[in-house]
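The values are calculated or read from the model by the stated rules, or taken from the named source; none is laboratory data. Just so it is clear, the structure is predicted and the values come from calculations on it, not from any experiment. Note: accessible area is taken over every heavy atom of the protein model, side chains too, but ligands, DNA and RNA are not part of it. Shrake-Rupley method; radii C 1.70, N 1.55, O 1.52, S 1.80 Å.
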Amino acid sequence: MISMNMDTSKVEALLKANEDLDEKLKQEGYRYFKSITPIRTGNARRNTFRNGDDIVGNYPYAQRLDEGYSKQAPRGMSDPTMDYMEQLFEQLLKEE
């Protein structure tokens, strides 16, 4: 019979850091998405919110804006947000 005692404190700390990293990415992704949402009357930004892991645009022309309809966001909001989050993820991993 073999018995081992393993110190898992480093692994637990890494898992905890990744949990925090996940939430930071979600919060920052939402903030960025909302900041690049075109603004004319304020309706789109006012009706963009986070619901768990989802960013919801609760206005009838949300899909059109995300397809690049507005000159203020010619690439829409989803693709630039994903690009931003990938860069942020790499940066946050370096900090950990």
Rounded accessible area of Lys26 (nearest 10 Å², 1.4 Å probe): 50 Å²
For the chain: accessible area per residue (Å², 1.4 Å): 78 Å²
Residue order for Ile36, Ile55 - accessible surface, 1.4 angstrom probe, largest first: Ile55, Ile36
Rounded to the nearest 10 Å², the accessible area of Ser9 at probe 1.4 Å: 60 Å²
Helix 78-95 vs. the chain, principal-axis angle (Cα, 0 to 90°, nearest 10): 30 degrees
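For n ≥ 4 DSSP H runs only, could you compute -39500 (n - 2.57) per run for the chain, divide by its residues and tell me the 222 nm figure to the nearest 500?
Values: 4 runs with 55 residues, N = 96.
Dividing the helical sum by the residues of the chain leaves -18500 deg cm²/dmol.
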Hits among aspartates and glutamates - C-alpha to C-alpha of Lys16 under 14 Å, sequence gap 8 or more where chains match: Glu96
Accessible surface of the chain, 1.4 Å probe, proportion on carbon and sulfur as whole %: 51 percent
Acute angle (nearest 10 degrees) that the helix 9-36 long axis makes with the longest principal axis of the chain, alpha-carbon atoms: 0 degrees
